[in-house]
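Data block below; observations after.
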Amino acid sequence: MRKQLWLFSVVLAFALIAAACGGDSDDDTTTTTAAAGDSTETTAAATETTAATETTAVPAVDTNVGLVYDIGGRGDQSFNDSAAAGLDKATAELGITPSEASANNDGSNREELLNLQADESDLVFGIGFLFGDPMLAAATASPDVNFGIVDGFIEGAPENVAMLLFAEEQGSFLVGVAAAMKSEAGHVGFIGGVNMELIQKFEAGFVAGVHAVDDAIVIDRQYITEPPDFDGFNDPASGKVIAQSMFEGGADVVYHAAGGSGNGLFQAAKEYSDANGTKVWAIGVDSDQYLTAGDDVKDYILTSMLKRVDVSVYNTIKEQADGMFAGGVKIFDLSVDGVGYSVTGGFIDDIVADLDDWKAKIVSGEVVVPSTP
Amino acid sequence: MGKKLFYVLAAPLVAVGVALFISSIVLLFAGANPLSAYQNMWEFGTRLETLIETLNRATPLYLSGIAVAIGFRMNLFNIGIEGQYVLAAIIAAKVGAEINLPPILHVTVIIVVAMIVGAFWSGLAGFLKVTRNVHEVISTIMLNAIAVSGIVSYLLSIWDVPDASLDTALKEIPESGWMPSLNGFVEIFTRDIKRVELWGFILVAAAVGVAYHVLINRTRVGYDLRASGENAPAAEASGTDPKKMIMAAMLLGGAVAGLVGLPELLGDAHEYNLRFTRGLGFAGIAVALLGRNHAVGIAIGAFVFGWLDRASGVLEVRGDAPREIVAIMQGVIILAAVIAYAVVERKRREDEAAAAAAATAQVLAERQAAKEQGGAS
């Protein structure tokens, strides 16, 4: 029994180490290179800054921006990376000094990291609605620092908090229209990462978009996990299994709002198409996934629902640098291109006119997209 | 005595040393400067606020470690702490939000509910082992999945209070059910604490630690537990019912596990929501191993793990290193500790065995002598 305990401990220790390394290798290109080039990165950023100040008329204000990602951090090819893109752009173009951190594996130190960033920054971001309560506390404790939260609505938020909200349902509506118009089987699918309010907005918009084109189209809907289990955002294997069953059940266009699990959908679309000789489509989410997914699967990505977290982060930093920061709710919807769809790959060029029609109707208020399924 | 102290201290010190060494190599490979990383971590980690954060982190880790250790003492791998505490927390949070009682009573009811739920869920695994001989590792893993992905998911969906934010959260516990912060007490000795609060539940955790130590070392039940764990047949022969002991260990461990989520719930969140910290049940296994199932050892283990976790936030913010380095350090500490313990333990056992052999030989010789005497008369 004692031997067993010993063996068990060794296995546990290895599991811990493997988990740590696993986290690294997942986002190989990002975390490790970021780590490897950490010192170089900062110097590169510094030279970029100086270069920028030399060439263009960048505002000379020295703005420190601290950004706290949620669990997973940079390299999730989805939500966090979109925020990172906004920060990188601001670093290159505005000459701000960035600092990044990500919540620990159980997310229990969000408030600590916000406070830590607030000590050294003029503007602090929390990426994701889970930063709500921690940010309320941190922003109240540091009234001289400005804060920005992506996806978060904080009741009774102080004036130094900008709440950056997105009309995911509007973007999802448009890709729903695209799915309906491109589906030959009259059968489409939706895969959600975790069954919670935020992702239900994607589902609601998609369903409304599909049915706006044709009420008779069948829609399969499935979530990978239920809260409190958040694995659904990073479980490509399950994403693939669900996508396979949808394709085999007759769906020929499947939209995902499942973060990293979406890669499983892309794989399934490719494999099903290869095996059956009929092309089925996947629809990406958050960023233009034709550009971020692998070369072997990108030709199966019909379009992507764009959620411009990068724009919201960049704009807020710019306001801060210009001394124009304003707190409160900021909605990024179709009217400001805060959400939208991608055309890379050219697969939906023939229906862009229709999509733009629908877009105009939504912007004008003629069509109101529901945000709950 | 000096030798005994050496046995106790050698292993953890070696473990931390080895961990520092290996982490330095990893940091160097990552292109970071280990010295500046450690220096930043030390400076940040010794701030009063960080130490308070560390204690807040260590409190649930400690409770989880004790819950695991109760099973370990009986040679039971109760790895179901995870499911037990998450289930206990959500039910306790719901009960706490629905009732309205005077302050101390309110908190007491929440604590008791959490302990009952934890004990019940853990008791299921004990029951399966006693009646059907199902190994507790299998049953507790299954029960974890059922609790977290099944029951808690379902309860979240039916108990969610709809509001404007995207968060899924239960109703808030009224203020009479909160655990007051200990900042006022700490500030008697220190400067004012900024922004963080020392959760009052640390007192409950300390009481649990004392109770655990007394129970295991000073009571009949504790003796029977340890005896069954170290040598089940011998314990049974001396009149200890192993089934009763298994149930006792599982129920007690589960009751303590039920407390793991409460420091956060009563001290900070005051509601069960999607932010509720999970994974503490598994972290507790590491802490119990590091602390060698000893009440004080587990406290040290919990503090070390808590400190590493909290002080490491500065690494990324200052651009020293990715925070994953901390997970590597924690893993290496356990690995090194386990190996160091095994080496020290073998040495101690050899010494003990030699002593026991000598003692046995003496007893045998005496018996032989007595027998001969009896035969003669």
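The values are calculated or read from the model by the stated rules, or taken from the named source; none is laboratory data. Since the structure is predicted, the reported quantities are computational estimates derived from the model, not experimental observations. All Cβ positions, even for glycine, are placed from backbone atoms using ideal geometry, and neighbour counts span all protein chains on display. Accessible surface is based on the protein model in full, side chains and every heavy atom, while ligands, DNA and RNA are left aside. Shrake-Rupley method; radii C 1.70, N 1.55, O 1.52, S 1.80 Å.
Summed over both chains, the area buried between A and B is near 5000 Å², taken from the accessible surface of protein heavy atoms with a 1.4 Å probe.
Restricting the GluC sites (Glu not before Pro) of segment B:117-196 to loop positions (DSSP other than H, G, I, E, B) with no more than 16 neighbouring Cβ atoms within 10 Å leaves B:E187. In order along segment A:327-332, phi translates into HN-Hα couplings of x, x, 7, 10, 9, 9 Hz, rounded to whole numbers, per the Karplus curve 6.51 cos²θ - 1.76 cosθ + 1.60 with θ = phi - 60° and x for Gly and Pro. Label sites at A:R221 and B:V363, each approximated as a point 7 angstrom past Cα along Cα to Cβ, lie 7.2 nm apart. Modelled spin-label separation between B:E98 and B:T46, with each label point placed 7 Å from Cα along the Cα-to-Cβ direction: 5.1 nm. Of A:L174, A:Q244, B:L289, which is farthest on the positive side of the dipole of the protein assembly as shown, counting Cα position, with +1 on Lys and Arg Cβ, -1 on Asp and Glu Cβ, and the Cα centre as origin? The residue sitting most towards the positive pole is B:L289.
Taking the Cα centre of segment B:57-291 as origin and assigning +1 to Lys and Arg Cβ atoms and -1 to Asp and Glu Cβ atoms, the resulting dipole is close to 660 debye. A dipole drawn for segment B:57-291 from +1 and -1 charges on Cβ atoms has a positive end, and of B:I216, B:S139, B:V95 the residue lying farthest that way is B:I216. Per-residue mean of foreign Cβ neighbours for B:156-167 is 5 (Cβ atoms of other chains, 10 Å radius). Annotation: amide H-H contacts under 5 Å for A:N64 (H modelled 1.01 Å from N, sequence separation of 5 or more, or interchain): A:T97, A:D122, A:L123.
Can you give me the % of accessible surface on segment B:57-291 that is carbon or sulfur? Probe 1.4 Å, all protein chains present, nothing else counted. Summing carbon and sulfur atoms, their accessible area is 67 percent of the total for segment B:57-291.
For segment B:57-291, the solvent-accessible area works out to 40 Å² per residue, with a probe of 1.4 Å and every protein chain left in place. Averaged over the residues of peptide B:267-275, the number of Cβ atoms from other protein chains lying within 10 Å of each residue's Cβ is 4. Under 5 Å between amide hydrogens, built in the peptide plane, is the criterion, and for B:A169 it picks out B:V161 among residues at least 5 positions away or on other chains. In order along segment B:299-307, the phi-based Karplus estimate (6.51 cos²θ - 1.76 cosθ + 1.60, θ = phi - 60°) of 3J(HN,Hα) comes to 4, 5, x, 5, 5, 4, 5, x, 5 Hz; Gly and Pro are listed as x.
Extension gain for A:D119-A:S364 works out to 83.9 nm (0.36 nm per residue, less the C-alpha to C-alpha distance). When the GluC sites (Glu not before Pro) in segment A:86-168 are filtered for DSSP coil states and for at most 13 other beta-carbon atoms within 10 Å of their beta-carbon, the remaining sites are A:E155, A:E159. Under a plain spin-label model, where a point goes 7 Å from the Cα along Cα-to-Cβ, how far apart in nm are B:F29 and B:M142? With each label point 7 Å from Cα toward Cβ, the separation is 4.0 nm.
Heavy-atom surface analysis with a 1.4 Å probe gives segment A:259-373 a carbon and sulfur content of 49 percent of its accessible area.
Computed extension length for B:T190-B:F6: 62.9 nm, one decimal, from 0.36 nm per residue of separation with the Cα-Cα distance subtracted.
Neighbouring Cβ atoms from other chains, within 10 Å of the Cβ of residues in A:149-156, number 2 on average.
Backbone amide hydrogens, once placed in the peptide plane, bring A:V218 within less than 5 Å of A:H187, A:V188, excluding anything fewer than 5 places away on its chain.
Here the Karplus curve 6.51 cos²θ - 1.76 cosθ + 1.60, taken at θ = phi - 60°, turns the phi angles of segment A:297-308 into couplings of 10, 5, 6, 9, 9, 4, 6, 10, 7, 8, 10, 7 Hz, with x standing for Gly and Pro. Here A:D356 and B:Y154 are evaluated by their C-beta separation; at R0 = 51 Å the FRET efficiency comes out at 0.75. With only Lys, Arg, Asp and Glu charged, each at its Cβ (+1 for the first two, -1 for the last two), find how big the charge dipole of the protein assembly as shown is about the Cα centre; round to the nearest 20 debye. Once rounded to the nearest 20, the dipole reads 4560 debye. For every other residue with a beta carbon closer than 13 angstrom to the beta carbon of B:Y38, add +1 if it is Lys or Arg and -1 if Asp or Glu, then tell me the sum. Net charge in that neighbourhood comes out at -1. A dipole drawn for segment A:132-240 from +1 and -1 charges on Cβ atoms has a positive end, and of A:G192, A:I217, A:G132 the residue lying farthest that way is A:I217. In loop segments of segment B:38-85 as defined by DSSP, the trypsin sites (Lys or Arg not before Pro) with at most 14 further C-beta atoms inside 10 Å of their C-beta are B:R47.
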